[in-house]
Amino acid sequence: EIQAFIFDLDGVITDTAKYHYEAWKQLAEELGIHFDLEFNEQLKGIDRMASLEKILSQLSDGGSSFTLEQKQEWADRKNNNYKRLIRTVDESEILPGILELFHDLKQAGIPIGLASASRNAGTLLRQLKVESYINVIADPESVAHGKPAPDIFLKAAEALGVDPRYCVGVEDAEAGVQAIKSAGMFAVGVGDAEILSKADYIVSETSKLSLSEIQHYMTG
Ligand code: B16
Ligand code: MG
């Protein structure tokens, strides 16, 4: 029996994945590093500094010549690009089917947790006006290891007081699906079935997410 749903934010509740892409692309271009959608796939769900490290690792010296201070400055620059891009986000950018799912979960008495790597998650939930549906937001700054480690999903489950075995995690990223599976939860993937092949249940888009279908699938 499902006792909680734990959602990723970027790419699941709203399509901010495209703004993260744009913000990194702006920075990568300034640094003369090639950046495309395929590479971006590896950054989904990965925290800010780890994402920067992956981008810099494409340089001939693997980016090892930069000081922490310099890297911090670039990470801040990316975040400023991102904050500029999300300034106008409002409830029209909630992905299709998400509000209906939140509503069905509330109706069924199933609490909702958020497990996003983003330090901008609170701002976005407010702009999307969905805060009232979310019972618990796991703080990414409080966990030792980012996705694909299970920490952030475990943190959300703990805050909800639910055993991970009875949690359903929803993710759009490969690293995120791995995090859910390592946490011992049922993983719902949204997106490309090949990229998300480790998920227990996959839909191509958020509009296809349905509580009754997932329940039906889990109980066989
Ligand atoms: P920020 P999620 C992740 O959010 C994004 O997928 C990832 O691209 C981003 O780098 C990360 O948040 C950190 O975001 O720079 O805003 O702290 O998918 O875990 O909701
Ligand atoms: Mg995501």
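The values are calculated or read from the model by the stated rules, or taken from the named source; none is laboratory data. The structure presented is a predicted model; accordingly, all values stated were derived computationally and were not measured. So basically every Cβ, Gly included, is an ideal-geometry build from the backbone, and we count neighbours across all protein chains shown.
A few points about this structure:
- Taken as a whole, the condition of being surrounded by 21 or more Cβ atoms within 10 Å (Cβ to Cβ), more than 8 Å from ligand 1 (Cβ to nearest atom) and free of Cβ contacts under 8 Å to residues at least 60 places away in the same chain applies to residue 28.
- Entry remark, segment 1-11: residues being more than 18 Å from residue 84 (Cα to Cα) and either more than 7 Å from ligand 1 (Cβ to nearest atom) or assigned to a strand (DSSP E or B) (or both) number 7 in total.
- Against the numbered list (1) among the hydrophobic types (A, V, I, L, M, F, W, C); (2) at pLDDT below 95; (3) surrounded by fewer than 14 Cβ atoms within 10 Å (Cβ to Cβ), residue 108 comes up short only at (2).
- For first residues located in segment 77-102 and at pLDDT below 95, partners that are buried (at least 16 other Cβ atoms within 10 Å of the Cβ) and hydrophobic (A, V, I, L, M, F, W, C) and lie 6+ apart or on another chain with Cβ distances below 7 Å do not occur.
- Comparison of 172, 139 shows that the only residue that is among the charged types (D, E, K, R) and within 14 Å of ligand 2 (Cβ to nearest atom) is 172.
- Segment 168-186, residues that are surrounded by fewer than 24 Cβ atoms within 10 Å (Cβ to Cβ), in contact with a helix residue (DSSP H, G or I) (Cβ under 7 Å, 6 or more places away or on another chain) and either among the hydroxyl-bearing types (Ser, Thr, Tyr) or outside any loop (DSSP other than H, G, I, E, B) (or both): 168, 186
- Condition check for residue 173: under 20 Å from residue 52 (Cα atoms) and either away from ligand 1 (no atom under 15 Å from the Cβ) or touching a His at 6+ places or on another chain (Cβ under 8 Å) (or both): no
- Against the list (1) exposed (fewer than 13 other Cβ atoms within 10 Å of the Cβ); (2) in contact with a strand residue (DSSP E or B) (Cβ under 6 Å, 6 or more places away or on another chain); (3) not charged (D, E, K, R), the condition residue 34 fails is (2).
- Test: residue in segment 60-74 that is at pLDDT 95 or above, crowded, with 16+ Cβ neighbours inside 10 Å and not charged (D, E, K, R): yes
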